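Report on the structure given below.
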Amino acid sequence: MYGLGILKGLGVTIRHFFNSYIEDLRGAGAKLLGDETVFRRRQSLDSIGIFTVQYPDEKLAVPERFRFVPFLVTEDADHPERPGHDWCTSCGICAKVCPPQCIWIVRGEDPVTKRPIPEPEAFFIDIDICMNCGYCAEFCPFDAIKMDHNYELASYDRTGRHIYDLPKLRKPLSYWKTIAPTTAAEEAEARGGWDHPDVIKEKKKQADAAAKAAAAKPAPAPVAEVKTTAVAPGNVAAVSEKAADISAEQAATARAAETVAAQAEAVAPAVDEEAAKAERLRKREEALARKRAKDQGGG
């Protein structure tokens, strides 16, 4: 009213205009030297003045949750078990939930059995159709697809360069940790580790099986406690002779036990054979007695 709003707006503009020069003069030397600290402060909430950068020499630092064209997560090249292996299992959920339907997947198959395998043979994303909504990354059950931060994708050839295939879409897990460290850590905590969800499940299954096997294994028999007694130097020979006598006695006892066992083994077959013969004779006599009784009754 009465032009006061216009004056207030102009005052805000003039204040931001002068504060921009104050902000530039505060870290002019460091800015010219390329100090990242000054750049980060320039993009933070503590900065004042006009938020303008000299693009493309200067670029605004995008937030961690920034979404652009998706990419596929792969294992790092130095992974001990699956170097460069795709996290994608070609389940097709991302293609189903994609609103503009810009994702095409060809599932891999075993060359011998022709059965499908959990690996993509081909994966295409048309970045001109992609609306960067992030549904594919949100619904992926294996954390295999993420939203990239690279927004400089313009080119003169949209038919060839704007359809991304597997070589263009694949990026290692370490890249995702670099551009989104907080989100990557939260996802790893939810999965239970930095590995693929299937790998984590398999390791957990193996650990459970090992724990069950260890629990089912019988405990070792307790070792009998051996009591030792100090021996005077003069009695060492007597003790040695006594120990030798005991050892000889134990050996003789063991040999006698082995002899008895051998004799028992030799006698056992003969006893068993005599018992079997007596049983056969008894059954034969009973059968003959029944036959004679039957003949006499019939006569």
Distance from a point 7 Å along Cα→Cβ of Glu138 to each backbone N in the stretch 50-85: keep the residues under 18 Å and list them by number. 64-71
For Ile145, Ile93, Ile103, what's the fewest-to-most ordering of other Cβ within 10 Å of each Cβ? Ile93, Ile103, Ile145
Given backbone amide H placed at 1.01 Å from N, residues whose amide H is under 5 Å from that of Arg107, ignoring those fewer than 5 places away on the same chain, are Glu121
Expressed as a rounded percentage, what relative contact order does the stretch 87-138 have, with Cα pairs under 8 Å and six or more residues apart? 39 percent
What FRET efficiency comes out for the pair Thr178/Ile14, r = Cβ-Cβ distance, R0 = 41 Å, nearest 0.05? 0.50
Length released on extending from Ala77 to Trp104, taking residue separation times 0.36 nm less the Cα-Cα span: 7.1 nm
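Where a number appears in this text, it was derived from the coordinates with a stated rule and is not lab data. On a predicted model such as this, the values are computed, not experimentally measured, just so you know. Positions of Cβ are backbone-derived with ideal geometry, glycine not excepted, and every protein chain shown enters the neighbour counts.
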